[in-house]
């Protein structure tokens, strides 16, 4: 969600659900606690990756649901966690999403 701050900047709120999986020798996956430093980014454009970033910094990400709020200098169109796929991820297509204006239907609402 993005909303103007009134100072020309934009406040972006990103809801993240994170988990970390480990695979054994035969490929069986087990969830393990996550407490990692991961890049978070916001950009004006891009498609499946972030594009030219307005913001790109590392944040501590732990297992489960968390909310990250960042102020950026211009209105972003995309937001992502590990947007450049530096971490091994079997479902990397969900790392970058379109940013919705405050009050808009959430991503995946199907309206």
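The values are calculated or read from the model by the stated rules, or taken from the named source; none is laboratory data. Everything numeric in this text was worked out from a predicted model, so none of it was measured. Here the Cβ is made from the backbone with ideal geometry for all residues, glycine too, and neighbour counts use every protein chain on show.
Restricting attention to the stretch 27-47, does a residue exist that is touching a residue at least 40 places away in the same chain (Cβ under 8 Å), in contact with a strand residue (DSSP E or B) (Cβ under 6 Å, 6 or more places away or on another chain), assigned to a loop (DSSP other than H, G, I, E, B) and surrounded by 10 or more Cβ atoms within 10 Å (Cβ to Cβ)?
yes
Could you run through the stretch 75-88 and say how many residues are in a loop (DSSP other than H, G, I, E, B), surrounded by 13 or more Cβ atoms within 10 Å (Cβ to Cβ) and out of contact with any helix residue (DSSP H, G or I) (no Cβ under 7 Å at 6 or more places or on another chain)?
7
Within the stretch 48-63, track down each residue that is in a loop (DSSP other than H, G, I, E, B), surrounded by 14 or more Cβ atoms within 10 Å (Cβ to Cβ) and at pLDDT below 95.
49, 50, 51
Working only within the stretch 13-26, note down all residues that are surrounded by 10 or more Cβ atoms within 10 Å (Cβ to Cβ) and either more than 11 Å from the chain's Cα centre (by Cα) or over 30 Å from residue 73 (Cβ atoms) (or both).
19, 20, 21, 23
Do you know which residues across the stretch 1-12 are surrounded by fewer than 15 Cβ atoms within 10 Å (Cβ to Cβ) and not in a loop (DSSP other than H, G, I, E, B)?
Of everything in the stretch 1-12, those that are surrounded by fewer than 15 Cβ atoms within 10 Å (Cβ to Cβ) and not in a loop (DSSP other than H, G, I, E, B) turn out to be 3, 4.
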